[in-house]
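Trainee: The structure that follows is given in the form of structure tokens.
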Amino acid sequence: MKKVAIIGAGIIGLSTCHHLQKRGYQVTLYDDQEPGSGTSFGNAGLIANYATTPLANIDTLRQMPGNLVRRDRSISIDITYTHALAGFGYRFLNAARKSSFSANKAVLIDIIGRAIIANDALIDDVDADDYCTQNGCLQVIRSDREASKKLQAAAKDKQADGVVCQILTREEVLALEPVLNPSHLEGGVYYPDTKHLKSPETFSRCIYRHLQENHLHHIKEKVTGITQDRQGHCRVDTEAGALEYDHLVLCAGIGNNHFLTQLGITLPVVSERGYHIMLDDQAIKLNRPVGWLEHFFYASPMQEGIRLAGTTEFASPHKAANPKRFKQLEAWSRELFDAEVWVTSEWVGARHSTPDGLPVIGRLPDFNNILVAYGHGHLGLTLAGFTGDLVGTLLESNVEAVHGEALSPRRFTS
Ligand SMILES: Cc1cc2nc3c(=O)[nH]c(=O)nc-3n(C[C@H](O)[C@H](O)[C@H](O)COP(=O)(O)OP(=O)(O)OC[C@H]3O[C@@H](n4cnc5c(N)ncnc54)[C@H](O)[C@@H]3O)c2cc1C
């Protein structure tokens, strides 16, 4: 039985453990933190079947200067993090070119299609059906001169990508979500097929429990170093000692950059932080996630209340949270619901984002037995089942599998 070590017990590492256990590998998981307590804890819970547009596109570039200088901005770049963005920045510009954008988008559409099926299977395998709802999701827009045109364009784009959606009038939006503030509401786009997890944390725990039932070996230590020797054996170091494996999979989120640096590899995967606040839902009843696209956040009904999650801040994952962001989310929630709100908790976490909007899944150049799975940006929950399955296929076949080249780390190193 081949031995595989997986570093990172977020949704990506857990799903990967599951797929490798299913294929008969002896799996050891490394993480000193509780499973699912990193970035996977704080997301909006969307299995985002509609998210078919890579962020690097002409519209983003056109809107970027305005978005960066708004007083109530949702996108910011921390000046002390700009050095880390150099390799990312020029590749982002490149990925926004029409030909690159179309190619990346085609891959994204295909892998999201596969991911929805893979996540259904994962949810089923680990008995997490009770935490998943299919009530659709709404994206709302405020009235301005262009609002109606923007709605038409958004729906047309998604329909061309094969996503089922429909434009709703203001009255139709309010019929679905009576708690929304009618003032300045133009209408929305409704995605009836979208699924939603009302506790991403519990989902991670369900997978972990299932792994334990299948004899997972979890070493609750921080990994301090990794290597692959000439014979191809992979070594994992912790303060408790070193162990050897046939294969190693790096699923440590933004923490992967540290390991890659040890191996002399640099990938343009950066920390794009997002925030959330939780609201007491005694007075506000929401039936499904509602996205307010102008401000890049979703309000999602969760087991513990309503979660407003989103925004973008390119900053070190280790930097303290910016309290202004929490205040801004609170102000937007008052506007979205036109009601008094009670914030019960606040959270910040680091997405690991690539310039082309595609994850990095594959073997490392020159270290054939070490694989990496990160760079999922806004879509780690959505792509979890797909990623674990792809890692399994890559390990078994020793060749690049589905979209191997487009997802491989080699696209940034060769
Ligand atoms: C505000 C926000 C909203 C989001 N909404 C959505 C959404 O609705 N839908 C969606 O699909 N995605 C969403 N995402 C993205 C999604 O949450 C992430 O892509 C996903 O959680 C990444 O999972 P991960 O397992 O790669 O990382 P993580 O959950 O961060 O897990 C990495 C793990 O590695 C461990 N680790 C790191 N270094 C070491 C080390 N040296 N030794 C041992 N262990 C280590 C950490 O402790 C951690 O447990 C959102 C993200 C944010 C920030």
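The values are calculated or read from the model by the stated rules, or taken from the named source; none is laboratory data. Quick caveat: nothing in here was measured; it's all calculated off a predicted structure. Neighbour counts are summed over all protein chains in view; Cβ atoms, including those assigned to glycine, are modelled from backbone coordinates with ideal geometry.
Trainee: If the Cβ limit is 6 Å and pairs must be 6+ apart or interchain, which residue in region 332-352 that is under 16 Å from Ala320 (Cβ atoms) pairs with which residue that is assigned to a strand (DSSP E or B) and within 15 Å of the ligand (Cβ to nearest atom)?
Mentor: Close Cβ pairs (under 6 Å, with a partner that is assigned to a strand (DSSP E or B) and within 15 Å of the ligand (Cβ to nearest atom)) amount to Glu346/Ile277; Trp347/His276; Val348/Arg273; Val348/Tyr275; Ala350/Ser271; Ala350/Arg273.
Trainee: Another question about this same structure. Of all residues being within 16 Å of the ligand (Cβ to nearest atom), part of a strand (DSSP E or B) and of a type outside the set (A, V, I, L, M, F, W, C) in region 175-206, which is surrounded by the fewest Cβ atoms within 10 Å (Cβ to Cβ)? Just the residue, please.
Mentor: So, considering only residues that are within 16 Å of the ligand (Cβ to nearest atom), part of a strand (DSSP E or B) and of a type outside the set (A, V, I, L, M, F, W, C), the one surrounded by the fewest Cβ atoms within 10 Å (Cβ to Cβ) is Lys195.
Trainee: Follow-up question, since we're still on this one. What are the pairs with Cβ atoms under 7 angstrom where one residue, in region 127-152, is over 30 Å from Thr202 (Cβ atoms) and the other, located anywhere, is β-branched (Val, Ile, Thr) and at pLDDT below 95? Sequence gap at least six, or different chains.
Mentor: Hits for this filter: Ala147/Ile141; Lys150/Ile141; Leu151/Ile141.
Trainee: What strands (runs of 3 or more DSSP E) completely inside region 1-105 contain at least 1 residues that are assigned by TED's automatic domain parsing to the domain that holds Tyr245?
Mentor: Counting at least 1 such residues, we get 3-7, 26-30.
Trainee: Which of the residues that make up region 207-232 are away from the ligand (no atom under 15 Å from the Cβ), more than 19 Å from Gly24 (Cα to Cα) and not in a strand (DSSP E or B)?
Mentor: Within region 207-232, Asp229, Arg230, Gln231, Gly232 qualify.
Trainee: Okay, next question. If Asp281 satisfies all but one of (1) more than 9 Å from the ligand (Cβ to nearest atom); (2) assigned to a strand (DSSP E or B), what's the number of the condition it fails?
Mentor: (2)
Trainee: Please count how many residues of region 233-243 are assigned to a strand (DSSP E or B) and free of Cβ contacts under 8 Å to residues at least 24 places away in the same chain.
Mentor: The total comes to 4.
Trainee: Which of the residues that make up region 1-60 are hydroxyl-bearing (Ser, Thr, Tyr) and either near the ligand (Cβ under 7 Å from one of its atoms) or under 25 Å from Val164 (Cβ atoms) (or both)?
Mentor: Matches in region 1-60: Tyr30, Ser37, Thr39, Ser40, Tyr50, Thr52, Thr53, Thr60.
Trainee: Restricting attention to region 248-278, which residues are assigned to a loop (DSSP other than H, G, I, E, B) and touching a helix residue (DSSP H, G or I) at 6+ places or on another chain (Cβ under 9 Å)?
Mentor: Correct list: Cys251, Ala252, Ile265, Thr266, Leu267, Pro268, Val269.
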